[in-house]
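Visitor: Pasting a structure below so you can have a look.
The values are calculated or read from the model by the stated rules, or taken from the named source; none is laboratory data. Being a predicted model, the structure only gives us computed values, none of them experimental. FYI the Cβ positions are ideal-geometry reconstructions off the backbone, even for glycines, and counts take in every protein chain you see. Just the protein is used for accessible areas: all its heavy atoms, side chains included, with ligands, DNA and RNA removed. Shrake-Rupley method; radii C 1.70, N 1.55, O 1.52, S 1.80 Å.
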Amino acid sequence: MSEHPRTETVPPDTTPATAGAAAPATGTATAVGRAHAAEAARRDREDPLAGTRERFVVDAVDYPDGTVYLDGNSLGALPRGVPARMADVIEREWGRDRINSWSDNHWWTAPERIGDRVGALVGAAPGQVVVGDSTSVNVLKAVVAGVRLARGADAMEADGRDEILMDVSTFPTDGYIAESAARLTGCALRAVPAGAIASESTPRTALALVNHVDYRTGRLHDLPATTAALHAVGVVVVWDLCHSAGALPVDLDPHGVDLAVGCTYKYLNGGPGAPAYLYVAARHQPRFDSPLPGWNSHADPFAMAGAYAPADGAVRGRVGTPDILSMLALESALDAWQGVSIESVRAKSLDLADFFLACVAAYVPAGAVERLTPVAHAERGSQVALRCADAGEVTERLLARGVVIDYRRPDVLRFGFTPLYTGYADVERAAWVLGEVLSAG
Ligand SMILES: *Cc1c(COP(=O)(O)O)cnc(C)c1O
């Protein structure tokens, strides 16, 4: 990727072997000792993904204060190739080529083209993912269209399946949208624990909306088993992949998922407000009946026909004119994944989190934090959530010490691990600073 000059701006107390890792704040190496610092340096040296860090604006060259960024589960870091690509899109494609860019620079087909690249990261064969709109809007499309699919799928159509299930700890927007989707489709909405969603379904259940990873606790829900159990009773499943895409293998096609949505500004690093995506399994596309049938999803949009006729394929999930600037920033951002397997990202993510927890155990006073994220690998995504007293104040103090995390009211600290650019020295330092902050009372 880009050749970035590596100047020696790192403070002198940096462990020399932590190449590319953020520097510890001066004066933190007390007599207690950073028992895990050498181990962090060793793991960074041996990390097969260490090389992808320089594809992002994140290291000590960019942040001479040695900021540790553990908020990539909220807003992914900037991939280095994006600024030049955006300048080109704006100056050449928009400025010079203007309207011809819709065809000559392939703007019109960007939602499907970029959708295929996102699809490759979530286990979807080409032609099933379309990029556009926000996750919230895609939840509406998926839930309403999914209920319509479920109703047409079997003999229940006469009395109608009239219930939507969703996981009770869902990210709020999914719940708000599901409530409206329920009213639009004449369904009742019932919130149940994600792990019980299959056993809670009844012959009346049309659809279940489930978050793959809980945004708050970082708990990973069992997509293969839940999907299979719901399919056995004729329920259509919509998965929200916001906290799993780009963090772990999702394997939509192998697990027979019906519909899925997700955002691209977290682990996919597409930038603030980058467009979301919608997956419609190929087998469902002919009957996918969008509640937002905009002209971009028309079979022949430039016929400007009075009557709606849906396009075939993933295009059917489009609505209006795509937000080209954000979309092409996302496309450039996805270059950071070149040569990277999602399995290697998952392996490092789990290892980073395990190492972080070991550092927390060593550095943080006993009883000061309570872990909300399960320890079992099969049950967690790519963040660690810790509950502690005065979490808002603790977050501010971490920020003041260059450790960027986020806070979920009332008492949760979220540490996000983004293996493409987070190193072991980063998590060791975050745990150390957390320990200092909590020891200070
Ligand atoms: C981040 C997130 C969203 C965000 O929705 P937007 O429409 O992009 O604001 C939705 N659902 C989940 C589970 C999320 O984590």
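Visitor: How much of the accessible area of the chain, probe 1.4 Å, is carbon plus sulfur, in whole percent?
Guide: Carbon with sulfur: 57 percent of the solvent-accessible area.
Visitor: Which order do you get for SER103, SER244 if you rank them by accessible area with a 1.4 Å probe, largest at the top?
Guide: The most accessible residue leads, giving SER103, SER244.
Visitor: Quick check on the stretch 83-337: of the DSSP beta bridges with both residues there, what percent are antiparallel, nearest 5%?
Guide: Of the beta bridges lying entirely in the stretch 83-337, close to 35 percent run antiparallel.
Visitor: Sticking with this one: Which residue, PRO272, PRO79, PRO64, tops the fluctuation ranking in a GNM of the chain built on C-alpha contacts under 10 Å?
Guide: Largest GNM mean-square fluctuation: PRO64.
Visitor: So, by mean Cβ neighbours within 10 angstrom, what's the order for 201-211, 90-100 with the highest one leading?
Guide: Descending packing order for the listed peptides: 201-211, 90-100.
Visitor: Determine the order of TYR363, TYR308 by accessible area, beginning with the largest, at a probe radius of 1.4 Å.
Guide: TYR308, TYR363
Visitor: Can you give me the distance in nm between label points at ALA125 and ARG85, each placed 7 Å from the Cα along the Cα-to-Cβ direction?
Guide: Calculated label separation equals 2.7 nm.
Visitor: Here's a follow-up. What base-10 log of the normalised intensity I(q)/I(0) is obtained for the chain from the Debye formula, alpha carbons as equal point scatterers, at q = 0.06, 0.07, 0.09 Å⁻¹?
Guide: -0.27, -0.37, -0.60
Visitor: Accessible area per residue of the chain at 1.4 Å probe, in Å²?
Guide: Per residue, the chain has an accessible area of 40 Å².
Visitor: What is the spin-label model distance, in nm, from ALA378 to ALA282 if the labels are put 7 Å beyond Cα along the C-beta direction?
Guide: Going from the ALA378 label point to the ALA282 one covers 3.0 nm.
Visitor: For the stretch 337-400 and the stretch 208-229, compute the distance between their C-alpha centroids and round to whole Å.
Guide: Distance between centres, Cα-based: 19 Å.
Visitor: Among DSSP beta bridges whose residues both lie in the chain, state the antiparallel percentage, nearest 5.
Guide: For the chain, the DSSP antiparallel bridge percentage is about 55.
Visitor: Just need the relative contact order of the chain here, percent rounded to a whole number, with Cα pairs under 8 Å and 6+ apart.
Guide: That works out to 21 percent.
Visitor: Suppose R0 equals 60 Å. What FRET efficiency, 1/(1 + (r/R0)^6) with r the Cβ-Cβ distance, do LEU325 and SER439 give to the nearest 0.05?
Guide: After rounding, the FRET efficiency stands at 0.85.
Visitor: Bin by bin, in steps of 5 Å, what percent of the Cα pairs in the stretch 52-149 do you find, going until the bin that has the longest distance?
Guide: Binned Cα distances yield the sequence 3, 10, 11, 15, 18, 16, 13, 9, 4, 1, 0.
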